[in-house]
Amino acid sequence: MMKNNKILIALLLSATLLTACFDKNNFDFSHLNNVDAEGSWGIPLINASYSIGDILSMADAPEHLTTGEDGVLQIEYEFSKDSLLSASQFMNGLLDEVHFSGGLSFPTYEIPIDEGTHLTLYKDTIEVSFPSDQVSVSSASLKSGMLTLSIQYNLSHQVSVSVTCPQLQNAGGQPFHIEEVSTGGHFEMTLNLANYKIAPNNNSFSISFEVSYTADGTPLPSQLVFNYEANLLNINFSEIRGKFATINLPLDMSTDFNLDYLANHLTGTIEIMDPVIALEIMNTFPVDAKADLYEAYLSGPRITSSLLASNPTTIWLPANTSSFTDVPFPIASHITITPNIESFTLSGEAAVNTSGMSGPELVITEDQIIHLRFKVTLPIKMRVDQLTFCDTLDMGDIEIPDINGFSNILLRLGIHNGLPLTFAAQAYFYDSRTHTVKDSLFTAYQPVMCAINGVPRLTELFVSKDNLEEVQRMLNCDKIIIKAMLDTEGKPAAIMADQKLKVELGASFNMNVNSLVNN
Amino acid sequence: MRRYITLLTLFCFCASLSLKGQTPDITSFMRISPFQHFDNPSCSTIYDGYFSLPTGQIHFDASFGPLRYNNLFETDANGYPVTVTANKFVNQLSKNNFLGVNTSVELWGFGFRAGKKFFVTVDHRLRLNADIRYSKDLFGLPVLGNMAYVDHPADINLSANINAYHELGVSFRHEVNEEWSWGIRPKLLFGLANVRADKISAQLYTDPDNYSLTMYYDALIKAAAIVPFSMTFDRENGFSFDADMNTQAILGNLFKNPGFGMDLGLSYRPIPELNLSFSAMDLGFIFWKSSATEMSSQLYDAGHFYNEGAFEFSGLTQEEIQHLANGEDVQELLDTLAYYFPLDVHASDGYFAPIPARVALQADYEFAKGQRVSAAAQLRFASHYVQPSLTVAYDGCFFNMIDICVAYTMQRRSYDNLGLGIGFNLGFLNIYAGTQNIISAICLKNCSRLTATAGLVFNWGHMKELRKKKPEQNN
């Protein structure tokens, strides 16, 4: 019993002592203000593949970027001269508006006034000629035209007026002739010549008019006065048959040709291999034409690069091509340019009907025309020698992330370069307020080696920042200056549409939750 | 005799090498408690009968595993917690970790001796058990970051089975002879609420070179309750939950989640001082039907981030960068990611869920009159894992009215489970209280387990047999 009591007392005493250890402060959580949680995180940011086309497209380049049949990327600009020569334009200039006028005054004392006597009072002929230095017309069909005739005279008697043009025939083949009676001292006539046909003699035709009088015994004024005015207006031909002189036309064309997609070009040139100017023509004239090109060049500030292999370069434009047809356009096998190119210029002279008047008789209709369509193609098959670009990104509007709580930041850039281009890049963090470069992304230019025989090469670049102040200093800059340099290592390289630059960007960092919470 | 004890001790020690989770209630070692049959229906009681009101037994047992105060908080000189020590907590985690809660309240019950050989009990208890298992990486990934998992995947797993139910049991104990006795208790179970997460699983792989992330993901959760509720989810309106708290509706569902359970026990007394017993408890299930709801989520092929059943993110693609550069909202991009992780919430016809069963071996040796030592090894079968435990206990009766029990339980990564139970028998009234972890009461900071048991029960015919008499002594 005594032993049992000792055990009981020992147990109760132990329980009392243990209970005294409780601290209620341990469960007052109002002082809790720290989280000790530091983890290491890795996040993939970018996994993207870019062809040169994608990169240029991001820089707003263009619809002008295409893929050639051989898979080579190319920059292509297309422009056209919709109407180098139009037949209607040519024909309608052959006869300008023709104006004729004349008059006569004579005494009447010798004119018999016996009733029934018929007398011709006035008669004249107008001669209209085609320009013989341009054309020798056998026949011409009028699409439109007006003949106006106005005769003024000081006779109150009734007179007859007749107008005759034997070379002017209506649709029925009848020569033109009209007779009208006029009273009151004036005669007016307007004649629509549409659908009339002219069959000139010696490249000209004549219009004759005559005023006659039948006496009725009434005395005449002592002096008779006649004045006339005749006009040929709005003469347009629908067809001319005849011989034509050679038509020479200036050929001056220019268009924007912008290569400045990426950034400001600093130094270096691009040697483009096998540039192409494709020319398509449509010549519905029944005669050949030719174009002598004196200049065809790409130009921009401090750069002019001719595409012509010889000067002049003559291109024949064959006759009777009712749809666009390719025409060979020999140019230089390679050109040297810079990305500053801004425009393409072409100048020369075109000639239609080179045989001229010694050639056969031709039938020219109003719908005949010559169109030219040019396509300048620069395949990205090039040799690049340390072509250097520079661009500035403005960070002013970008919200700077708060990086407190982060440490040991490591950016890993994996580049699988499938392009035949070696390039290098560097970014500088620039503070324009103090005009100082605060830091650079890499310690030195980091080259990314080109693919070998089409097999991509992996280049890994690391940016490690252990020091938060260093990172903060970079982020506080308001501008990032990016410099990039391209090189084909002395060899020409063709950029294919399926060649890619695969970019993997990942970031790893340590993150202290406590710092994040307290910030 | 020593040979028996030595073998039993060795067995129990070996079984406890990977112990974790809930252990037998301390009352099962207290000789004057009438409720030893709750842990083994073949156990004898020293009373001729008892009855209890809602105060008969209230039992609470919570195991936190590594989720203990000292692992989570750092205190200042005044003892105030000032820092959440997340890294320390993660470092204390095992590959798999457990959080368990067991609570039972005896609503009413009685028991009586039927003849010389039988003892019959009827009891109605309200019970709650919650078993949650989580992997280390559930917390390890958000705290340590994914770069801690470059050489192996972050394996996030969470499973849970939370049952609230009431049980009506009738037990029969039959004493075959002086050496053998057996007991059985069939039980009707009626579910109140259940949440069963069969799997919430995700594996995240991180590429050490480019940090690409690959994730596999799968989740299935079932829930039911007698409170009528409905859950819906759609992408535009989000998650919505409505519950009908109408008492009549709740009472109407009180018996709509039926189940059945069984407790079995067998005892062998080779010598009067030694009792060896085996028990298999809570063998049963509940069919959850009222407001049964199923939530599932599996990776969906919503775009190029999906690849052969996995979500793969290697960084933003060219098009996505372009979209962002064009001023598209980042949120819009994140919203599209949500399509890969759809959540399907729908009512189900019902489902079965087991209640956590347990089997135990126990040995009691009465070395002096009223003084007994015991050892119990238990395996508890939670829904997705097994919890072994080993308990050794001393129980002593003093002045024929005071019962004091000291117990020590070994669990894996938890060796501070010193228990204490005290009971007073005041003739017709038995009052008792105890805990399996007395240290938790005075050192909560390092407490991985919190248990408490208390009760008040009326009895009669007590103290009939504190020790079986040896045959020769009977003579």
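Taking B:Arg31, is it closer than 24 Å to B:Gln378 by Cα, out of contact with any helix residue (DSSP H, G or I) (no Cβ under 7 Å at 6 or more places or on another chain) and of a type in the set (Lys, Arg)? Don't jump to the end; show me each part of the working.
Values: closer than 24 Å to B:Gln378 by Cα: yes; out of contact with any helix residue (DSSP H, G or I) (no Cβ under 7 Å at 6 or more places or on another chain): yes; of a type in the set (Lys, Arg): yes.
Against the criterion (closer than 24 Å to B:Gln378 by Cα, out of contact with any helix residue (DSSP H, G or I) (no Cβ under 7 Å at 6 or more places or on another chain) and of a type in the set (Lys, Arg)), B:Arg31 qualifies.
Yes/no per residue for (1) modelled with pLDDT of 85 or more; (2) outside any strand (DSSP E or B); (3) assigned by TED's automatic domain parsing to the domain that holds A:Ile369; (4) buried (at least 16 other Cβ atoms within 10 Å of the Cβ):
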site	(1), (2), (3), (4)
A:Ser83	no, no, no, no
A:Gly116	no, yes, no, no
A:Asp124	yes, no, no, yes
A:Asp133	yes, yes, no, no
A:Gly145	yes, no, no, yes
A:Gln152	yes, no, no, no
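Go through (1) without any contact (Cβ under 8 Å) to a residue 24 or more places away in the chain; (2) within 14 Å of another protein chain (Cβ to nearest Cβ) for B:Phe311 and report which single condition fails.
For B:Phe311, the exception is condition (1).
In the stretch A:443-458, which residues are surrounded by 12 or more Cβ atoms within 10 Å (Cβ to Cβ) and over 20 Å from A:Leu387 (Cα atoms)?
Answer for the stretch A:443-458, where residues must be surrounded by 12 or more Cβ atoms within 10 Å (Cβ to Cβ) and over 20 Å from A:Leu387 (Cα atoms): A:Pro456, A:Arg457, A:Leu458.
Report whether or not A:Ser101 is more than 14 Å from chain B (Cβ to nearest Cβ), modelled with pLDDT of 85 or more and within 60 Å of the chain's Cα centre (by Cα). Break it down stepwise before answering.
Details: more than 14 Å from chain B (Cβ to nearest Cβ): yes; modelled with pLDDT of 85 or more: yes; within 60 Å of the chain's Cα centre (by Cα): yes.
Yes, satisfied.
If you check B:Met215 against the conditions, is it crowded, with 19+ Cβ neighbours inside 10 Å, among the aliphatic types (A, V, I, L, M) and more than 30 Å from B:Val122 (Cα to Cα)? Let's see the steps before the verdict.
Working: crowded, with 19+ Cβ neighbours inside 10 Å: yes; among the aliphatic types (A, V, I, L, M): yes; more than 30 Å from B:Val122 (Cα to Cα): yes.
The answer is yes for B:Met215.
Here is a list of conditions, (1) within 14 Å of chain A (Cβ to nearest Cβ); (2) within 30 Å of B:Ile226 (Cβ to Cβ), and B:Ala280 meets all of them except one; can you say which number that is?
Condition not satisfied by B:Ala280: (1).
Report, by residue number, each residue of the stretch B:357-381 that is buried (at least 22 other Cβ atoms within 10 Å of the Cβ) and within 14 Å of the chain's Cα centre (by Cα).
B:Arg358, B:Gln378, B:Arg380
Determine whether the stretch B:383-401 contains at least one residue that is within 14 Å of chain A (Cβ to nearest Cβ), aromatic (Phe, Trp, Tyr), under 23 Å from B:Arg31 (Cα atoms) and crowded, with 17+ Cβ neighbours inside 10 Å. Lay out the reasoning, then the answer.
First, the residues of the stretch B:383-401 that are within 14 Å of chain A (Cβ to nearest Cβ): B:393-401.
Going one step further and asking which of them are aromatic (Phe, Trp, Tyr), we end up with B:394, B:398-399.
If we keep only those that are under 23 Å from B:Arg31 (Cα atoms) too, we end up with B:394, B:398-399.
Those left that are additionally crowded, with 17+ Cβ neighbours inside 10 Å: B:394.
Yes.
Do the conditions hold for B:Phe139, that is, is it within 14 Å of chain A (Cβ to nearest Cβ), free of Cβ contacts under 8 Å to residues at least 60 places away in the same chain and of a type in the set (Phe, Trp, Tyr)? Please lay out each step first, then the result.
Numbers: within 14 Å of chain A (Cβ to nearest Cβ): yes; free of Cβ contacts under 8 Å to residues at least 60 places away in the same chain: yes; of a type in the set (Phe, Trp, Tyr): yes.
It is true that B:Phe139 is within 14 Å of chain A (Cβ to nearest Cβ), free of Cβ contacts under 8 Å to residues at least 60 places away in the same chain and of a type in the set (Phe, Trp, Tyr).
Is it true that A:Val128 is within 25 Å of the chain's Cα centre (by Cα), surrounded by 17 or more Cβ atoms within 10 Å (Cβ to Cβ) and touching a residue at least 12 places away in the same chain (Cβ under 8 Å)?
On the way: within 25 Å of the chain's Cα centre (by Cα): no; surrounded by 17 or more Cβ atoms within 10 Å (Cβ to Cβ): yes; touching a residue at least 12 places away in the same chain (Cβ under 8 Å): yes.
When the stated conditions are applied, A:Val128 does not pass them.
Could you list, in sequence order, the residues of the stretch A:261-306 that are part of a loop (DSSP other than H, G, I, E, B) and either in contact with a Gly (Cβ under 8 Å, 6 or more places away or on another chain) or among the hydroxyl-bearing types (Ser, Thr, Tyr) (or both)?
Within the stretch A:261-306, the first condition is being part of a loop (DSSP other than H, G, I, E, B), and the residues that meet it are A:261-263, A:268-269, A:274-275, A:284-288, A:301-302.
Answer for the stretch A:261-306, where residues must be part of a loop (DSSP other than H, G, I, E, B) and either in contact with a Gly (Cβ under 8 Å, 6 or more places away or on another chain) or among the hydroxyl-bearing types (Ser, Thr, Tyr) (or both): A:Tyr261, A:Thr269, A:Thr284, A:Val287.
What residue, among those in the stretch B:79-101 that are small (Gly, Ala, Ser) and buried (at least 17 other Cβ atoms within 10 Å of the Cβ), is modelled with the highest pLDDT? Give the derivation first.
Filtering the stretch B:79-101 for residues small (Gly, Ala, Ser) gives B:79, B:86, B:94, B:100.
Filter again for buried (at least 17 other Cβ atoms within 10 Å of the Cβ), leaving B:86, B:100.
On the way: B:Ala86: 91, B:Gly100: 87.
Residue satisfying both the conditions and the ranking: B:Ala86.
Suppose the filter is within 30 Å of A:Gln134 (Cα to Cα) and in contact with a Ser or Thr (Cβ under 8 Å, 6 or more places away or on another chain); does A:Asn227 pass it?
On the way: within 30 Å of A:Gln134 (Cα to Cα): no; in contact with a Ser or Thr (Cβ under 8 Å, 6 or more places away or on another chain): yes.
Taking the combined requirement at face value, the residue does not satisfy it.
How about the stretch B:206-224: which of its residues are on the phi > 0 side of the Ramachandran plot and more than 8 Å from every other protein chain (Cβ to nearest Cβ)? Don't jump to the end; show me each part of the working.
Step one: of the stretch B:206-224, the residues on the phi > 0 side of the Ramachandran plot are B:211.
Scanning the stretch B:206-224 gives no hits.
Collect the residues in the stretch A:218-260 that are under 33 Å from the mean Cα position of the chain (by Cα) and assigned to a loop (DSSP other than H, G, I, E, B), keeping them in residue-number order. Explain how you work it out, then say what you get.
Applying the first criterion (under 33 Å from the mean Cα position of the chain (by Cα)) to the stretch A:218-260 yields A:246-260.
Once the filter is applied, which keeps residues that are under 33 Å from the mean Cα position of the chain (by Cα) and assigned to a loop (DSSP other than H, G, I, E, B), the stretch A:218-260 yields A:Thr246, A:Phe257, A:Asn258, A:Leu259, A:Asp260.
Please verify whether the stretch A:58-66 includes one or more residues that are at the interface with another protein chain (Cβ under 7 Å from one of its Cβ atoms) and either modelled with pLDDT of 80 or more or in a strand (DSSP E or B) (or both).
no
The values are calculated or read from the model by the stated rules, or taken from the named source; none is laboratory data. Values in this document were obtained by computation on a predicted structure and should not be read as measured data. Heads up, the Cβs are rebuilt from the backbone with ideal geometry, glycines too, and the neighbour counts pull from every protein chain shown.
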